[in-house]
Amino acid sequence: MRRIPGILLVLLAVASARAQKPVQHIVVSRHDTIEFSVVDWENGDRYTWDIYDDPGVNFALENDRLDPALYFVDGMYEGSTVYVTNLPPGQYYVRVMVWDEVNCTNNLLLYSLEIEDVPEADIYGAEACFGDITYLRIVFTGVGPWDIIYTDGMEDHHVNGISEQEYYHEIPTNTMEPNDEVIIKEYWINYINDVKIESSEPTDTARIIIYPIPTNSEIYIKEDEEGDGE
């Protein structure tokens, strides 16, 4: 599957740990790259970010954090702005620590980060003779019903309310321009939406191959010449 990452801007107003603010919940989709930026305490002396997948750990410590080299872009987990990517679907906790040497404070804020799986589809082509009906086979992931937009690069086609995990969409070949040669049409899905989230990541292409109808030809029976076989 071709994947086109999006950028979701999340501005974090960092507060002192003494403020006792509730944990803010952030929801993004898989394949997003999330930008985290500190908008308060911009003059902090040091900023560090950590990601956890266990809500039972002590977030004031660095134990049990996820490897920053895996999920921070370029492994950069320090600074007032960082970028997080490649997290699998699931529930995570993002912690930022801000050191303020002037006021001699160590400030911590925690955010709950939910990564949702995006709906995906695999699309398969078929072969047929001109005038016959053939089908695109589409296999979905996620939770239906699904809405899709598929295209041949020239025209978009909308199909809504698909409830089957494996769906066959009719492609009539008699609407195509007749041709004495093989016709190859490529299709792909450029939009998919399920009950939770939508995705505009194009799928791989699927080919519908249409063969021309064989032309009728006369059949001649060669007769034996007179006298043959005597």
Once phi for every residue in the range 66-83 is put through the Karplus expression 6.51 cos²θ - 1.76 cosθ + 1.60 (θ = phi - 60°), the whole-Hz ³J(HN,Hα) values, with Gly and Pro written as x, are 6, 4, x, 5, 8, 10, 9, 4, 6, x, 8, 10, 10, x, 6, 10, 9, 10
Per-peptide average of other Cβ atoms within 10 Å, ordering 78-89, 154-165 highest first | 78-89, 154-165
Per residue, how big is the convex hull around the C-alpha atoms of the range 121-211? Give it to me in cubic angstrom, could you?
-> 83 Å³
So how far apart, in nm, are the two label points at Arg46 and Cys104 if each is 7 Å from Cα heading toward Cβ?
-> 1.7 nm
Computed ³J(HN,Hα) along the range 118-124: with the Karplus parameters 6.51/-1.76/1.60, θ = phi - 60°, integer Hz and x for glycine or proline, the list is 8, x, 9, 8, 9, 10, 10
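Each value in this text was obtained by applying a stated rule to the coordinates, not by laboratory testing. Because the structure is a prediction, the values reported are computed rather than measured. Please note: Cβ atoms are built from the backbone with ideal geometry, for glycine as well, and neighbour counts cover all protein chains shown.
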